[in-house]
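Written below as structure tokens is the structure these notes are about.
The values are calculated or read from the model by the stated rules, or taken from the named source; none is laboratory data. What you see is a predicted model; the values in this text were computed from it and never measured. We place every Cβ from the backbone using ideal geometry, glycine too, and count neighbours over all the protein chains shown. Ligands, DNA and RNA are excluded from the accessible area calculation, which covers all protein heavy atoms including side chains. Shrake-Rupley method; radii C 1.70, N 1.55, O 1.52, S 1.80 Å.
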Amino acid sequence: MKNHKTLSCDIAIVGAGPAGLAAARAASVSQRSIAVIDDNPLPGGQIWRDGPQVSQLAMAKDYRRVLSLPTVRYLPGTRIVASLAAGALLLEDAQTSYRLDYEQLILCCGAQELLLPFPGWTLPGVTGAGALQALIKSGASVAGERVLIAGSGPLLLASAATARAAGALVSGVYEQTDRYQLINFGVGLLRWPGKLAQAFKLFSTRYRWRSHVIEAMGDRRLEAVRIRQGDAEAVIACDRLACGFGLVPNTVLAQHLGCSLEDNAVAVDRYQQTSQTGIYAAGECTGVGGSELALVEGEVAGLAATGKVEQAQALFTHRAYWQRFARHVKEHFGLRPEIRRLARVDTLICRCEDVALSVLAEEQGWNAAKLQSRCGMGACQGRICGSIARELFGWSLPEPRVPLVPARIETLMACSEKDMS
Amino acid sequence: MITVYLDGQPLVMGEGLTVAAMLTLSESSIARLSCTGQPRAPFCGMGICQECRVTIDGRRQLACQTLCQEGMHVERTV
Ligand SMILES: Cc1cc2nc3c(=O)[nH]c(=O)nc-3n(C[C@H](O)[C@H](O)[C@H](O)COP(=O)(O)OP(=O)(O)OC[C@H]3O[C@@H](n4cnc5c(N)ncnc54)[C@H](O)[C@@H]3O)c2cc1C
Ligand code: FES
């Protein structure tokens with residue numbers, strides 16, 4: 001086939017965020033051939049996302065250098081369509097499909113936002129919280145727009161800072177957790193002085209606790225948001241609402257490869273190896289913990305995959321320090337029960353197939369829901385409604401299906417049937 | 001500066017923007033109509049939700065993960 005190529009490498013790394021770059025850097029010392037695959041057109045993952053409105057940190061630039069080493073092949077704008085039998089992945093970019101053969105695989109797939117439904121959440125103008133930050137970094141213009149930020153977690157303040165720097169008028173940052181939790185969170189940060197300094201830098205006088213979105217209102221685009229703040233309600237006119245309820249590990253590829261999950265994240269041992277021999281995982285797909293943890297986990301994975309066991313062990317104490325930070329964040333931003341009850345009967349849960357809560361609430365689990373309504377069968381393959389159904393109904397994540405992402409027919413035809421596992 | 005055509009209309013912009021960012025420079029940031037006819041715009045910003053799918057030079061692609069190029073033709077999915 002014309003636009004199909006076969007590639008091979010010793011170590012394939014999925015994700016060019018902090019974890020993937022650190023893994024590549026650690027593994028590159030051994031002179032093994034490495035392929036780094038990322039679906040974004042530019043490297044950096046979420047926190048180091050590049051774009052016209054970004055002045056990149058020196059550290060991010062430094063880590064990115066690994067991608068131009070002669071032993072490293074970087075495949076940007078490339079998606080993983082399926083795992084083929086026996087250590088091979090089927091990939092596709094905008095022009096070409098690839099079969100990539102690998103000896104070892106390191107999954108550094110990061111996390112996605114927990115995007116929970118509320119009335120009006122499908123209106124243009126409503127995005128995730130980190131999503132707004134990502135769009136601004138990618139060049140979206142928000143200057144002079146009235147922006148409201150809501151949901152939960154430290155990302156709200158980071159997103160507000162990015163929006164403000166881009167000229168938006170941030171009228172409020174609404175955090176669902178309560179004051180007691182926030183004070184404890186702040187005091188606890190004394191153990192991670194760097195994080196405390198970061199929190200001070202990002203802090204906003206518009207930060208409100210025990211408050212959340214009730215509904216987004218507007219005719220074909222967002223015009224206002226109804227907010228609950230403590231026991232009071234208010235309607236605030238705005239152009240954008242950025243709402244995210246924290247992060248959830250991105251486990252689709254790991255599940256497809258047969259790796260076990262634990263606590264909704266990819267389960268790994270001390271050497272970052274998953275339940276599948278030769279497949280490692282690092283960064284936020286193994287549990288949400290910030291970029292510092294992602295970096296050290298990536299380094300451990302890169303060293304372990306190249307047999308540098310002692311060097312990997314030397315990093316365990318440092319990793320434990322950031323694992324404690326991850327637990328600290330998780331403990332203080334747990335969702336209050338009312339957040340899971342924001343959707344009304346007519347609120348859409350599945351944005352791909354436009355399936356409302358009333359249809360799903362009657363079903364027992366994914367199989368029945370898919371048969372009755374096509375929920376989770378649309379373009380996103382249940383990546384948005386899957387984590388919603390887990391939060392709202394306690395359903396486990398749907399089993400990933402091949403192709404893992406919408407793919408071209410030619411790509412699927414390029415591999416023979418016996419290739420497909 | 002580069003020129004990109006959105007539904008046939010030229011838009012002039014700096015380099016390095018994603019197609020999703022480019023949509024915010026137009027009158028409406030809508031990327032597609034849903035199966036029941038509701039307008040939708042980029043939502044997750046990171047290649048997960050598929051709300052931003054548009055046709056770029058004849059191929060269905062994600063606006064949030066595609067960089068604008070000189071002379072590119074982008075059609076909303078309506
Ligand atoms: C939207 C968003 C914004 C964030 N902003 C901040 C911030 O401002 N400050 C902060 O401290 N933390 C932020 N975080 C948290 C941040 O994710 C981590 O601190 C850090 O980026 C984690 O690094 P990582 O390498 O584990 O994952 P990421 O940085 O998420 O990198 C994973 C990369 O892998 C790619 N990928 C995943 N799966 C596949 C696949 N199957 N095929 C191809 N490519 C794939 C992704 O596109 C991504 O580029 C943000 C998180 C999100 C979701
Ligand atoms: S905005 Fe969600 S995939 Fe592009």
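Annotations
- Whichever residue in segment A:245-274 is buried (at least 17 other Cβ atoms within 10 Å of the Cβ) and of a type in the set (Ser, Thr, Tyr) and, among such residues, is farthest from A:Arg340 (Cα to Cα): A:Thr274
- Within the set A:Val54, A:Val81, the sole residue that is within 13 Å of ligand 1 (Cβ to nearest atom), at pLDDT 95 or above and β-branched (Val, Ile, Thr) turns out to be A:Val81.
- Test: residue in segment B:36-46 that is closer than 14 Å to A:Pro124 by Cα, within 9 Å of another protein chain (Cβ to nearest Cβ) and in a strand (DSSP E or B): yes
- Screening segment B:60-78 for residues that are part of a strand (DSSP E or B) and under 24 Å from B:Gly14 (Cβ atoms) and picking the one that is nearest to the other protein chains (Cβ to nearest Cβ) gives B:Leu67.
- Odd one out for A:Ala199, checked against (1) within 14 Å of chain B (Cβ to nearest Cβ); (2) closer than 30 Å to A:Ser55 by Cα: (1)
- From the options A:Arg336, A:Arg351, residue that is closer than 18 Å to A:Gly244 by Cβ, touching a Ser or Thr at 6+ places or on another chain (Cβ under 9 Å) and within 14 Å of another protein chain (Cβ to nearest Cβ): A:Arg351
- Restricting segment A:382-407 to residues that are β-branched (Val, Ile, Thr) and within 14 Å of ligand 2 (Cβ to nearest atom), the residue that is nearest to the other protein chains (Cβ to nearest Cβ) is A:Ile384.
- Sole residue being open to solvent by 10 Å² or more (accessible area, probe 1.4 Å) and assigned to a loop (DSSP other than H, G, I, E, B), chosen from A:Ala16, A:Ala86: A:Ala86
- Members of segment A:132-179 that are assigned to a loop (DSSP other than H, G, I, E, B), surrounded by fewer than 19 Cβ atoms within 10 Å (Cβ to Cβ) and among the hydrophobic types (A, V, I, L, M, F, W, C): A:Ala143
Per-residue answers, yes or no, for (1) among the charged types (D, E, K, R); (2) away from ligand 2 (no atom under 13 Å from the Cβ); (3) touching a Pro at 6+ places or on another chain (Cβ under 6 Å):
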{"position": "B:Tyr5", "(1), (2), (3)": "no, yes, no"}
{"position": "B:Leu62", "(1), (2), (3)": "no, no, no"}
{"position": "B:Cys68", "(1), (2), (3)": "no, yes, no"}
{"position": "B:His73", "(1), (2), (3)": "no, yes, no"}
{"position": "B:Arg76", "(1), (2), (3)": "yes, yes, no"}
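- Leading residue by the ranking (nearest to A:Ile349 (Cα to Cα)) among those in segment B:39-60 that are touching a residue at least 24 places away in the same chain (Cβ under 8 Å) and either open to solvent by 10 Å² or more (accessible area, probe 1.4 Å) or more than 16 Å from ligand 1 (Cβ to nearest atom) (or both): B:Arg53
- Just one of (1) more than 23 Å from the chain's Cα centre (by Cα); (2) buried (at least 20 other Cβ atoms within 10 Å of the Cβ) fails for A:Thr286. It is (1).
- Residues located in segment A:357-381, provided they are within 11 Å of chain B (Cβ to nearest Cβ) and open to solvent by less than 20 Å² (accessible area, probe 1.4 Å): A:Gly378, A:Cys380
- Screening A:Asn264 on (1) over 21 Å from A:Thr317 (Cα atoms); (2) in contact with a Cys (Cβ under 9 Å, 6 or more places away or on another chain) shows it passes everything except condition (2).
- Complete set of residues in segment B:18-38 that are more than 22 Å from A:Val405 (Cα to Cα) and more than 14 Å from ligand 2 (Cβ to nearest atom): B:Leu25, B:Ser26, B:Glu27, B:Ser28, B:Thr36, B:Gly37, B:Gln38
- Selection status of B:Gln9, away from ligand 2 (no atom under 16 Å from the Cβ) and open to solvent by 10 Å² or more (accessible area, probe 1.4 Å): yes
- Residues of segment A:219-244 that are open to solvent by 40 Å² or more (accessible area, probe 1.4 Å), in contact (Cβ under 8 Å) with a residue 12 or more places away in the chain and within 19 Å of A:Arg336 (Cβ to Cβ): A:Arg226, A:Arg228, A:Gln229, A:Glu233.
- In segment A:111-156, the residues that are facing another protein chain (nearest Cβ under 9 Å) and aliphatic (A, V, I, L, M): A:Leu115, A:Leu123, A:Val126, A:Ala131, A:Leu132, A:Ala134, A:Leu135, A:Ile136, A:Ala140, A:Val142
- Close pairs (6 angstrom Cβ cut-off, 6 or more residues apart or separate chains): over 14 Å from A:Leu21 (Cβ atoms) in segment A:269-298, buried (at least 24 other Cβ atoms within 10 Å of the Cβ) and of a type in the set (D, E, K, R) anywhere: A:Gln272/A:Glu297
- Test: residue in segment A:85-101 that is within 20 Å of the chain's Cα centre (by Cα), within 16 Å of ligand 2 (Cβ to nearest atom) and of a type outside the set (Asp, Glu): no
- Figure legend. Inter-residue proximity from segment A:394-417: first residues among the β-branched types (Val, Ile, Thr), second residues assigned to a loop (DSSP other than H, G, I, E, B) and open to solvent by 70 Å² or more (accessible area, probe 1.4 Å), beta-carbon distance below 9 Å, spacing 6+ or different chains. Indicated pairs: A:Val402/A:Ser421; A:Thr411/A:Asn3.
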